[in-house]
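**Student:** The structure follows.
Coordinate-derived values only; no laboratory data. Note that the structure is a prediction, hence the values are computed from the model and not measured. All Cβ positions, glycine included, derive from the backbone under ideal geometry; neighbour counts span all protein chains shown.
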Ligand SMILES: [Mg+2]
Ligand SMILES: [Zn+2]
């Protein structure tokens, strides 16, 4: 299939990415070419073939319900762009 | 809800309930799930969504989910898997929630409960599914939203939840509340969750719309999801409010389900109103796909059998037992069951130790519950043991105590645990009167009250009541009921 | 002694015999990094504690507290594995200042084995690429020709070895990211079976394809390194709970009657450069000479492996990279005044923090998973993936190992394919199959082309068949298919 500018803009919104209108044009072209390249997959008859999400057929890997050490809060927060020693801080959800 | 409105629409409600499962550690890491820890102290690379960290599923969470599914009459999947639900929010550190999309652990089931509108009648809610997922963290927003930064605490992130999704089978706010109440009772009996709504262990979202009869046909109003219902009272108030709101809205706009998309409203408990949060259009496309970091889960039939054996008696089964085996009235059975497993066990032990079920029931209702409420105690903390109460009840049945004296004894036990009935009577100066003594006392009474005797002979059986007071004067320990019976015998033998 | 002429295990035994100290060896490589890396750009950061850690290793070795085939040997680690003491940047603005609060399991095992980390190596941003040109630290240059790519995404690790800046390097391989740079830089590169090495602490690109791998000049060193990093990890649900075999023990076993499959579709591919085809033929003759039996096999779905890969990998990546939102760690950029503050911050952070190729793949994956397209793209690709895995299964019923090219061509010039994603993606034609099927692959140098650039062949094996691959590679090397050499960087 071919991608429209609007398709690309919609996907960008979903992916939380911002693009200039030039970038959208460029992406529409590049993604379009990639998509038509992967469209080759439609040549393959996959009737009755199961999907393969995992390369191994391992199942039911579980752990016991046991406590393990948590991080020190300082380590948990140390990479945060903004924090107050207790919480991660983010700009308000809605403007006022 | 106004009468006119009530009579003119039918509310259609389905509930999505998130239950926090009672595990020690989180769903995919070893961090504690305890409530109330200082912010961001129960976190590790896994539940922080740190680059490179990987989830490993908690066995116990799976067991609890199966247990709940079985108790809710659900089909349990023999094969289930984990999916990623992708959306961005600061309290969701990975940018996706690990959940279950198309192969949930629990398939269709149902729950029956008493119809709050017509006692004795049963209602059934069909359940679509129940699936496991990880909880998100907590965002604390500035009171005047928008002024200051929001604060994010990830302690709750990764806590195991079971989301129980019902069909839209509920027809009133009261019914929704009754279903939730029964569900919570069942979950606490199973011990799969503490169901503490204040702490967020039980959260309900409701999908609501109205079916309105108009010109002989039914029109449906647009579906609204009401979120943030964190008490039973909130559920009932929010649904009543929302029903009325949709009714007014429909009368004003005439909008039907065909005209408007599903919208999300939040319940503002303080103001008692539902508030629009978002239109479905700009709600996310979650792009579910199998989480490649987790492998599928196979549930064997023996695994299932083991869990089934550990289920125990459901509240519903206990109600029936109390009514059939002990023929308690539905109300009395309900009160005992409603008090929880502990009180039921207490009652059962009183009966097992020889206390008659009917008296046991009324003693539990009056005295035991009073003690629980006054001191807000757990049943295990009540100083009077089931065995003691059983003895007391037998003593009363045997007539060496009347009920009021019995209550004195019970009260005495509260302050002096572990004493016997005799100790108590001793300490309270209660003497049971022996039969000979009582008989002569009655003969005296009859001799002194010929008028009463004649009234009785004329068929006025109540007349004897007049003697009780006098009897008490002669001997405060005389059991009124025995005085009455004895006098009656004496008179009848004379005839 | 010339340390560059020694294999890693030889270095270890000389350290054990006190002929040289770990400190001296470490200092030697650090100095080469200082003099050469400004030209090669193989490293994103150096381990400032390397010498102390080498001294500590010497002390332990002499005290008898530490031994092992690689004890005291320096190693370079791709900047995609989390290290508690050093930054982990993934070559991205997004993580430029990120230091993980924990170390990856593979890294822990390396430290427990007494190896000394020299530094973190350069890579395509978030391991997405085949040329190590998309790194925020700049492109890595091929030591054999500084105008050419070292390959990618583990280009820094491969180049560090080729330039003699490290004796061993660790990388990661999602679609060929160990094998292809190994081929371009004239060193050995191994991508183990999926699940053989723990992914815990490996920053995820595409979780069902990612696998930690290793580089060395000598296949015997690959064996020793794999021995260190392989094994079950209860913190990785996808790690395989199976015995780790002794990879060094069987290196010398004869190849008599070993069945080697030649992949028809790979050799007949018109993308294949004649000089590379010739290298495969040379390796084939070499194996015949060693008594192996050559059998032609088919992997009929070969041409669909790249399309399938470029759906599956971006889909998983789009989810894996959602965590970079400027909230809990990593780059933050506030949005414009007109944007809602939170939403604006998240979008701005992602748009500024990610480079073009990463954004392209996130877009591609987001699209392929979105409502209405997920069945046609994501699910379809997963069905084709199963067919590709079945092709391999059938092939390995007939043969022990597969022989073919690693890359279609010798290393190309930097900048040559930047503008053309699809051309870049086609460079993965021979390597993505092993990732889709979860199988081990090993790239072995096979001499130089006319222009003096490295050529290589690829060996692929059945699941857990690493020992076989290492044995064949070792014998090819002994038979003279390739003599390990360090490029003279000019
Ligand atoms: Mg949910
Ligand atoms: Zn945790």
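**Student:** With a ≥ b ≥ c taken as the square roots of the eigenvalues of the C-alpha gyration tensor of the range C:345-482, please select rounded if a/c is under 1.5 and otherwise prolate if a/b is larger than b/c or oblate if it is not?
**Tutor:** oblate
**Student:** How large is the Kirkwood hydrodynamic radius of the range C:201-342, counting all unique pairs of alpha carbons, in Å?
**Tutor:** Mean inverse Cα-Cα distance, inverted, gives 20.2 Å.
**Student:** Build a GNM of chain A with springs between Cα atoms under 10 Å: which of A:66, A:40, A:18 gets the top mean-square fluctuation?
**Tutor:** Result for chain A, Cα springs under 10 Å: A:66 fluctuates most.
**Student:** Quick check on the range B:192-343: of the DSSP beta bridges with both residues there, what percent are antiparallel, nearest 5%?
**Tutor:** Of all bridge pairs located within the range B:192-343, approximately 80 percent are antiparallel.
**Student:** Does a label point 7 Å from the Cα of residue A:64, set along Cα-to-beta-carbon, have any residues of the range B:47-61 with amide nitrogen under 19 Å, and which are they?
**Tutor:** B:56-61
**Student:** For the protein assembly as shown, what is the convex hull (Cα atoms) projected area averaged across all directions, in square nanometres?
**Tutor:** Approximately 57.0 nm², given one-decimal rounding.
**Student:** Something else about it: Taking 8 Å as the Cα distance limit and 6 or more residues as the minimum spacing, I'd like the relative contact order of the range C:205-327 as a percentage.
**Tutor:** 32 percent
**Student:** Just to be sure I follow: if Rg is taken over the C-alpha atoms of the range B:1-72 and Rh is the Kirkwood radius over the same atoms, what is Rg/Rh?
**Tutor:** My calculation puts Rg/Rh at 1.26.
**Student:** If you take the square roots of the eigenvalues of the alpha-carbon gyration tensor of the range C:29-162 and sort them as a ≥ b ≥ c, do you get rounded (a/c under 1.5), prolate (a/b over b/c) or oblate?
**Tutor:** Prolate is the answer for the range C:29-162, as a/c is 1.5 or above and a/b outweighs b/c.
**Student:** Now a separate question. Return an integer: the convex hull volume of the alpha-carbon atoms of the range C:301-424, in Å³ per residue.
**Tutor:** About 164 Å³ per residue, rounded to a whole number.
**Student:** Name the residues of the range C:325-354 whose amide N is less than 19 Å from a point 7 angstrom out from the Cα of residue A:26 along the C-beta direction?
**Tutor:** Residues C:348-354 fall inside that zone.
**Student:** Restricted to Cα positions, what overall size does chain A have along the principal axes? Three whole-Å values, descending.
**Tutor:** 53, 47, 22
**Student:** Averaged across C:379-392, how many Cβ atoms of other chains sit within 10 Å of each residue's Cβ atom?
**Tutor:** 5
**Student:** Which FRET efficiency value, to the nearest 0.05, do you get for residue C:451 and residue A:72 by plugging their Cβ-Cβ distance into 1/(1 + (r/R0)^6) with R0 = 56 Å?
**Tutor:** 0.55
**Student:** Cα centroids of the range C:310-345 and the range C:143-210: how far apart, whole angstrom?
**Tutor:** 27 Å
**Student:** While we're here: Remind me, relative contact order of chain C in percent, using alpha carbon pairs under 8 angstrom and six or more residues apart?
**Tutor:** Averaging sequence separation for qualifying contacts and normalising by length gives 18 percent for chain C.
**Student:** Then there's this: Please compute the average number of Cβ atoms from other chains found within 10 Å of each residue's Cβ in peptide C:232-245.
**Tutor:** Rounded to a whole number, the mean comes out at 4.
**Student:** While we're on this one: How many percent of DSSP beta bridges within the protein assembly as shown run antiparallel, rounded to 5?
**Tutor:** Roughly 80 percent of the beta bridges in the protein assembly as shown run antiparallel, per DSSP.
**Student:** Under a plain spin-label model, where a point goes 7 Å from the Cα along Cα-to-Cβ, how far apart in nm are residue C:18 and residue B:78?
**Tutor:** Taking the simple label geometry, residue C:18 and residue B:78 are separated by 6.7 nm.
**Student:** Report the percentage of all Cα-Cα pairs in the range C:87-146 whose separation exceeds 17 Å, rounded to a whole percent.
**Tutor:** 50 percent
**Student:** I would also like to ask the following. Please figure out what share of the DSSP beta bridges in chain C is antiparallel and state it in percent, rounded to the nearest 5.
**Tutor:** Approximately 65 percent, going by the DSSP bridge assignments.
**Student:** Among rounded, prolate and oblate, which fits the range B:48-108 when a ≥ b ≥ c are the square roots of the eigenvalues of its C-alpha gyration tensor, a/c under 1.5 means rounded, and a/b larger than b/c means prolate?
**Tutor:** Prolate is the answer for the range B:48-108, as a/c is 1.5 or above and a/b outweighs b/c.
**Student:** How long are the semi-axes of the equivalent ellipsoid of chain B, taking √(5λ) for every eigenvalue λ of the Cα gyration tensor, in whole Å from largest down?
**Tutor:** Computed over chain B, the values are 58, 29, 21 Å.
**Student:** Something else now. Ranked highest first by average number of other Cβ atoms within 10 Å, how do B:459-472, C:387-400 line up?
**Tutor:** Peptide ranking by packing, descending: C:387-400, B:459-472.
**Student:** Another question, then. Of the peptides B:159-165, C:340-346, how do they stack up when ordered by the mean number of other Cβ atoms within 10 Å, highest first?
**Tutor:** Ranking the peptides B:159-165, C:340-346 by packing returns B:159-165, C:340-346.
**Student:** To continue, here is another question. Quick check on packing: order B:266-276, B:210-220 by the mean number of other C-beta atoms within 10 Å, highest mean leading.
**Tutor:** Highest-to-lowest ranking by the protection proxy: B:266-276, B:210-220.
**Student:** Would you list the P(r) distribution for the range B:234-294, with all Cα-Cα distances sorted into 10 Å bins from 0 and each bin expressed as a whole %?
**Tutor:** Spelled out per bin, shortest first, that is 18, 38, 25, 13, 5, 0.
**Student:** Could you state the number of Å between the C-alpha centres of the range C:421-490 and the range C:245-269?
**Tutor:** 12 Å
**Student:** For the range B:94-209, calculate the relative contact order in percent as a whole number, restricting contacts to Cα pairs under 8 Å that are 6 or more residues apart.
**Tutor:** About 22 percent, as a whole number.
**Student:** How would A:62, C:358 line up from fewest to most surrounding beta-carbon atoms within 10 angstrom?
**Tutor:** Placing the least packed residue first, the sequence is A:62, C:358.
**Student:** Could I ask something else about it? Can you grab the distance from the C-alpha centre of the range B:113-138 to the C-alpha centre of the range B:208-242, Å, no decimals?
**Tutor:** Taking the Cα centre of each part, the range B:113-138 and the range B:208-242 sit 16 Å apart.
**Student:** Determine the calculated [θ] at 222 nm for the protein assembly as shown from helices alone, applying -39500 (n - 2.57) to every DSSP H run no shorter than 4 residues and normalising by the residue count; nearest 500 deg cm²/dmol.
**Tutor:** -11500 deg cm²/dmol
**Student:** To the nearest whole number, what is the average tally of beta carbon atoms from other chains within 10 Å of the beta carbons of peptide B:23-29?
**Tutor:** Taking all residues of B:23-29 together, the mean is 3.
**Student:** What does the convex hull of the alpha-carbon atoms of the range A:48-96 project to on average, in nm²?
**Tutor:** Its average projected convex-hull area is 8.9 nm².
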